[in-house]
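Have a look at the structure below before the remarks.
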Amino acid sequence: MAYDNIIVEIEEHICTVRLNRPDALNALNLELLRELGKALGEAQKNDKVRCIIIAGSEKAFAAGADIKMMSEKSFTDVFLGDLFTPEEAAVMRIRKPIIAAVSGYALGGGCELAMMCDFIIASDTAKFGQPEVNLGVMAGMGGTQRLTRLVGRAKSMDMNLTGRFMDAEEAERAGLVSRVVPCKELMKEATGAAKKIAEKSMISVMAIKEAVHRADQMPLTEAVLFERRLFHSMFATEDQKEGMAAFVEKREPQFRDK
Ligand code: HXC
């Protein structure tokens, strides 16, 4: 399918979605977000796709929601139009794993989009921030919520209240990103991680994603029980038999998503 604001490539079970508004540092307008939602929905339906990567350019993952698109809007426009709610939901309902490959600016809605992904691999040039406070507004797609859960209240308050940027090294220390690699290595690293995931049973992979997302949504005892019941349910799968037999027989498993 042809898109105007993103580039989608599917290769070796990996769907890579590149945000592509270079003149606006990939600022997220509604057209781009709707295309992204559509592409992710297609990737979810496509049996060939086993892992998704969202990336931007070397200079910017995304420099935020499109300020020019929002500047003239009224309260009524954004409240009645429910700005960004369906667009966020379209990302959050994807059950396959999504890796954010972040280079350069991931600001405002850009940082929030990266945090909607399952984990973030950053280049050493990455800069994360919630600078909405400088525009007389505040984060609106999870910047006060997901960021707080990921890095804790102190750093989240600092970033949201001062609008300062966090570099890649600090972001890794704070737990916002899982790995930092040299800029030139970013896509190789993200693709390598995606390929590793693609080799696993999709049953395990999708159940793990569901379980980890419960970690910040449920009390611990309930969440651990949810995890254990999923674990138990895997003993009904052929992939569990294959995975454990392969270990015992000292060979690589051949998972069939059954
Ligand atoms: C619209 C943007 C943009 C944005 C950059 N551009 N960010 N356009 N919305 N968020 C455009 C610029 O207007 C400019 O276009 C071009 O991209 C290049 O940007 P420059 O500013 O010239 O680049 P540079 O000097 O390198 O500075 C990079 C930057 C700066 C530090 C990232 O662009 C910046 O501060 N951008 C805004 C960051 C921000 O406030 N993000 C939060 C947005 S609000 P022209 O045509 O002028 O050359 C938000 C709300 C989310 O995200 C809540 C709900 C989702």
Coil-residue GluC sites (Glu not before Pro) of region 15-120, DSSP, other Cβ within 10 Å capped at 14 | Glu58, Glu72
Taking the chain as a Gaussian network, Cα atoms linked when under 10 Å apart, which of Phe84, Phe165, Phe226 shows the biggest mean-square fluctuation?
-> Phe226
Cβ-Cβ FRET estimate between Val212 and Lys184, R0 fixed at 35 Å, reported to 0.05 | 0.70
Excluding same-chain residues fewer than 8 positions from Lys48, which aspartates and glutamates have a Cα within less than 19 Å of its Cα?
-> Glu9, Glu11, Glu12, Glu199, Asp239, Asp257
Alpha-carbon centroids, region 102-140 and region 44-68: separation in whole Å | 13 Å
Rounded to the nearest 5, the percent of DSSP beta bridges in the chain running antiparallel is 25 percent
What is the Rg over Rh value, at two decimals, for region 1-136, using alpha-carbon atoms and the Kirkwood definition of Rh?
-> 0.96
So, by mean Cβ neighbours within 10 angstrom, what's the order for 187-196, 213-222, 2-11 with the highest one leading?
-> 187-196, 2-11, 213-222
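Antiparallel as a % of all DSSP beta bridges within region 61-178, to the nearest 5? Let's see the in-between values first.
On the way: 2 of 10 bridges.
Looking only at bridges with both residues in region 61-178, the antiparallel portion is about 20 percent.
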Over all alpha-carbon pairs in the chain, figure out the percentage whose distance exceeds 29 Å.
-> 33 percent
Karplus (6.51, -1.76, 1.60) ³J(HN,Hα), θ = phi - 60°, over region 152-160, in Hz, Gly and Pro reported as x | x, 5, 4, 6, 5, 4, 4, 5, 6
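Neighbour counts of other C-beta atoms within 10 Å: give me Leu32, Leu161, Leu113, Leu25 arranged from fewest to most.
Working: Leu32 24, Leu161 11, Leu113 29, Leu25 19.
In order of increasing Cβ crowding within 10 Å: Leu161, Leu25, Leu32, Leu113.
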Given 0.36 nm per residue, what is the gain on full extension from Arg164 to Lys258 after removing their alpha carbon distance, in nm?
-> 29.1 nm
What is the distance, in nm, between label points placed 7 Å from the Cα along the Cα-to-Cβ direction at Glu58 and at Thr85?
-> 4.2 nm
Can you give the calculated 222 nm mean residue ellipticity of the chain, where each DSSP H run of n ≥ 4 adds -39,500 (n - 2.57) and the sum is split over every residue, rounded to the nearest 500 deg cm²/dmol?
-> -13000 deg cm²/dmol
Label-point gap, in nm, between Lys45 and Ile67 - each point 7 angstrom along Cα→Cβ = 3.8 nm
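Taken together, the values in this text are just the output of simple stated rules run on the coordinates, not laboratory data. Small disclaimer: the values here were computed from a predicted structure and weren't measured. Positions of Cβ are generated from backbone atoms using ideal geometry, with glycine treated the same way; all protein chains shown enter the neighbour counts.
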